[in-house]
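Working notes for the structure below.
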Amino acid sequence: MDNGACSYRRFLDGDESAFDEIMKELFDGLVFFINGYVHDLHAAEDLAIDVFSDLVVHKSRYNFKVTLKTYLFMLGRSRALNYRKHQRVLSFTELSEAENALCEERTLEETVLVDERRRAVNAALAKLPDPMRVAVHLIYFEELSYAEAAKVMKKTRKQVDNLLYRAKKELRTLLGEDGEQI
Amino acid sequence: MMRSFEERKAEIFRRSEKRIREQRHRRRILLSCVPLFLCVLLAAIFVLPGRGTNESADRESQRAEAAENASGPIASVHVEALGQAGASWEIGDEKAVRALSRLFESAQERSEEPSFPPDSSLAQADRIGDFRITCVPESGEPVSCLLENETLYFEGSGKTAVLTVEEQAELARILQLPQ
């Protein structure tokens, strides 16, 4: 599995349908990942669109040395952190809108995390600090390798390993018996 | 409400096109600035120092012109050996006249008021070894000076200049004097 690199090569050669394949494969996961940082589904979707438009505008920036998924998640993380840095003003949302957003978030979660057990882990993940949450998300949900996750998080492999170890320990406490299976 | 797949795709391409347009616009502005910058750079390199050189050249030519207007170029030189009756000769060789003119100019530049002006009451016999050199310009008054050993006395301005050893040797060569 090349995580979209092959499709992107085809897109660069002029095959428009290859872009659809990349979107179908990676867009929802990226939105879900960015949402972990920004906690606003619409903003996450907006940022994911920006990330994908980067692929179209700067065609030569992706050098095929990492998987396209890793590259997109790196861009996504960078854009999400940037968004968070500039998002200083708290916005108020109407209750009905909040319910809608919650509902959409659940739908997205169900799309990305098909497995029931994964959803339970995801719920527990919300209680963990950001770095631990992101490490678990990338390795268990997105199935990236340790090296790829380290690249996305701009950390060393060892640091990711340590984060995962501590995250697992926390999750075992939070999930009880279910956590033992992680 | 979250966007559908087609809406997302359309939005991605809409934003991409917008960004590409902005990029092209920025590049065009940058490209239009490059020739302007080059023009300014070339002007700074070639025109400004050139202007400085022209100014100094102008000044030089004006000075030469002024010097020429004062007495005009020397046409011939008349040399009279004082103390020896009838001993005089003419130097008409263009090269020698030019060299003499240069020598006089440099001597004139550093000439000053004499502390002991030459004694004009001396008898001809006492002036053996002295020379009167008269420069005759193409137009204007002839200028004459007195050569006493190594001192040149300009009769018009009343100033004197002491010649260096090299100048003395050159003057002797030009005037065809025995060294």
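Overview of results
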quantity	calculated
Residue within region B:45-59 that is within 14 Å of chain A (Cβ to nearest Cβ), more than 23 Å from B:Ile133 (Cα to Cα), exposed (fewer than 14 other Cβ atoms within 10 Å of the Cβ) and at pLDDT 80 or above present	no
Residue in region A:18-25 that is under 18 Å from the mean Cα position of the chain (by Cα), of a type outside the set (Asp, Glu) and not in a helix (DSSP H, G or I) present	no
Qualifying positions in region A:151-178 - in a helix (DSSP H, G or I), over 26 Å from A:Glu116 (Cα atoms) and open to solvent by 40 Å² or more (accessible area, probe 1.4 Å)	A:Lys151, A:Arg157, A:Lys158, A:Gln159, A:Asn162
Residue among A:Leu163, A:Leu175 that is of a type outside the set (Phe, Trp, Tyr) and at pLDDT 90 or above	A:Leu163
Single residue of region A:42-83 satisfying the filter (under 13 Å from the mean Cα position of the chain (by Cα) and within 12 Å of another protein chain (Cβ to nearest Cβ)) that is nearest to B:Glu17 (Cα to Cα)	A:Val51
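Every residue, every condition in (1) modelled with pLDDT under 80; (2) surrounded by 10 or more Cβ atoms within 10 Å (Cβ to Cβ); (3) within 27 Å of B:Ser157 (Cα to Cα); (4) more than 14 Å from chain A (Cβ to nearest Cβ), yes or no:
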| position | (1), (2), (3), (4) |
| --- | --- |
| B:Glu6 | no, no, no, no |
| B:Gln23 | no, yes, no, no |
| B:Arg27 | no, yes, no, no |
| B:Ala43 | no, yes, no, yes |
| B:Glu68 | yes, yes, yes, yes |
| B:His78 | no, yes, yes, yes |
| B:Leu82 | yes, yes, yes, yes |
| B:Ser88 | no, yes, yes, yes |
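The values are calculated or read from the model by the stated rules, or taken from the named source; none is laboratory data. Because the structure is predicted, anything quoted here is derived from the model rather than measured. Note that each Cβ is placed from the backbone with ideal geometry, even for glycine, and that neighbours are counted across all protein chains shown. For the accessible areas, the whole protein counts, side chains as well, though only heavy atoms, and no ligand, DNA or RNA atoms are used. Shrake-Rupley method; radii C 1.70, N 1.55, O 1.52, S 1.80 Å.
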